[in-house]
Amino acid sequence: MSDTHVLIVGAGPTGLTLGIDLARRGIPALVVERADELFPGSRGKGFQPRTMEVFDDLGVLDSIHAVGGGYPVGMIWRNGERLGEHHMFEPAEPSEHSPYDEPWMVPQWRTQRILLERLEELGGKVAFGREVTGVVQDPEGVIAHFASGGPVRARYLVAADGGRSVVRRAVGVGMTGEEVDPFPTLVADVRITGLDRDNWHFFPQGEGPEDLLAICPLAGTEDFQLIARFAEGTEVDLSLEGVRQVVAARSHLAAEDVTEVRWASDFRPRAALADRFRVGRVFLAGDAAHVHSPAGGQGLNTSVQDAYNLGWKLGAVLGDGAEAALLDTYEEERRPIAAQMLGLSTSIHRGEAQRGGATRQLDLGYPASTLTKETRTAPGPVRAGDRAPDATVNGVRLFDAFRGPHWTLLALGTDAPAPPAAVRLVHGPAHETYGTGLFLVRPDGYVGWAGDTPAGLPEYLARFGGR
């Protein structure tokens with residue numbers, strides 16, 4: 001039987017992100033994947049600005065920027081004629097405190113390659129062809145059994161194995177949710193001639209949502225992502241001929257304009273939330289914990305941020321001697337966020353909300369968390385529990401200072417105490433974005449503790465930061 005500190009089940013964006021975060025902290029971890037290779041399709045194709053900030057910290061942002069692009073403007077077609085543009089997102093302007101202003105498109109298969117390369121660069125690895133069949137816990141750890149190959153024992157296990165999670169079922173966690181709509185949906189990566197790549201093309205056929213056809217150029221590739229909905233009860237044909245028939249029937253394109261289907265899948269949009277995100281030494285993350293309609297562009301982004309929240313906490317407990325109770329805050333913090341994002345995704349799917357500020361996930365925070373301590377008598381614009389915005393303080397860009405697996409102490413307009421060696425200090429005058437005070441920024445970029453004086457800061461760090 002092999003051993004590791006953390007076993008991560010699933011090599012999607014969630015599992016790979018967590019693997020990267022643990023690898024850069026020096027925590028022994030193994031990612032296992034039931035398939036023989038990475039996911040080949042584009043199902044999740046967009047990153048919200050908050051996720052871009054996460055990727056900045058994890059060292060993959062340049063690679064993500066290099067292979068992706070912004071979202072094109074929608075174009076409505078009827079009978080081969082352009083009816084007009086349809087703007088998919090409310091516009092936003094970049095600012096010093098939010099440098100990534102718009103969603104960024106990268107097909108999921110390419111994102112996973114970038115994340116895998118970063119994981120391997122840090123010394124981590126993925127074991128492919130390892131299908132988990134069962135999980136057994138004891139007070140000291142978890143043993144995972146596989147369809148082939150020997151078992152693996154870990155101190156903690158993270159289920160990042162998707163909406164049909166084997167691990168979630170093995171530990172007896174249910175999911176509560178609903179079907180968002182009854183219409184079967186086809187999603188496929190295709191090659192098409194006769195369509196420009198400057199627009200996201202929509203071909204409405206009538207009032208019924210079951211007639212939807214949308215074709216979006218996938219940034220950085222020659223592919224388009226095709227999405228089509230069908231009448232309730234339809235058996236979706238995923239073959240080249242089946243996709244050609246849909247395109248020819250619902251657009252001005254000819255069947256032969258679809259030259260290749262590179263990947264295809266069908267699903268019924270639903271929204272579901274796991275009843276728990278933790279059972280003993282097993283944690284649920286990503287689609288194993290919450291399943292979204294793709295309409296809001298929230299599923300993959302919420303999943304990456306699950307991993308980002310859990311990674312530093314596992315690192316603190318396993319590597320820095322922090323109290324094990326720190327791990328209780330993962331479910332406390334992430335489950336309410338997942339529920340909120342599920343509601344947003346469903347509202348957008350049903351046309352009840354727009355893709356605007358809330359979808360960018362920059363305003364999410366943890367004000368009610370056990371980890372949040374606001375001790376100032378008159379807090380300013382940034383409070384404990386808030387995302388720590390970017391800014392320039394004494395010539396130092398804060399996102400540069402935050403980058404890495406450490407805590408950061410901002411001392412703005414007040415005396416700076418000498419922090420522990422593992423805490424980076426940035427000292428400067430009061431700042432218009434933050435106001436005045438001491439701000440202890442967690443490794444995941446949220447303000448954990450804020451005060452007018454250092455009173456209580458050492459105790460906070462000893463409890464949650466470890467050594």
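The values are calculated or read from the model by the stated rules, or taken from the named source; none is laboratory data. If you're wondering where the values come from, they're calculated on a predicted model, not measured in any experiment. Here the Cβ is made from the backbone with ideal geometry for all residues, glycine too, and neighbour counts use every protein chain on show. The protein model used for the area step is the full one, side chains on, heavy atoms only, and it has no ligands, DNA or RNA in it. Shrake-Rupley method; radii C 1.70, N 1.55, O 1.52, S 1.80 Å.
What number of residues within the range 390-403 are open to solvent by 10 Å² or more (accessible area, probe 1.4 Å) and either within 27 Å of I20 (Cα to Cα) or of a type outside the set (S, T, Y) (or both)?
So the answer is 8.
What number of residues within the range 426-467 are among the small types (G, A, S), touching a residue at least 40 places away in the same chain (Cβ under 8 Å) and open to solvent by 30 Å² or more (accessible area, probe 1.4 Å)?
2
Hey, can you tell me all the residues within the range 263-291 that are under 15 Å from I227 (Cβ atoms), over 19 Å from the mean Cα position of the chain (by Cα) and not hydroxyl-bearing (S, T, Y)?
W263, A264, D266, F267, R268
Going through D211, D138 one at a time, which residue ends up being surrounded by fewer than 21 Cβ atoms within 10 Å (Cβ to Cβ) and free of Cβ contacts under 8 Å to residues at least 24 places away in the same chain?
Matching residue, one of D211, D138: D138.
Tally time: how many residues in the range 9-26 are surrounded by 24 or more Cβ atoms within 10 Å (Cβ to Cβ) and part of a loop (DSSP other than H, G, I, E, B)?
Result for the range 9-26: 3.
Give the residue, chosen from Y308, Y366, Y330, that is open to solvent by 10 Å² or more (accessible area, probe 1.4 Å), part of a helix (DSSP H, G or I), modelled with pLDDT of 95 or more and at negative phi.
Just one listed residue meets the conditions, Y308.
Looking only at the range 33-42, decide whether some residue is of a type in the set (D, E) and part of a strand (DSSP E or B).
Checked the range 33-42: at least one residue is of a type in the set (D, E) and part of a strand (DSSP E or B).
Among the residues of the range 333-342, is any at pLDDT 90 or above and touching an Asp or Glu at 6+ places or on another chain (Cβ under 6 Å)?
Yes: one or more hits.
Got a sec? Which of G299, G343, G315 is more than 22 Å from G12 (Cβ to Cβ) and either in contact (Cβ under 8 Å) with a residue 60 or more places away in the chain or over 15 Å from the mean Cα position of the chain (by Cα) (or both)?
Within the list G299, G343, G315, the selection yields G343.
Are any of the residues in the range 246-266 free of Cβ contacts under 8 Å to residues at least 24 places away in the same chain, open to solvent by 10 Å² or more (accessible area, probe 1.4 Å) and of a type in the set (D, E, K, R)?
yes
What residue, of R164, R169, R191, R197, is among the charged types (D, E, K, R) and part of a helix (DSSP H, G or I)?
R169
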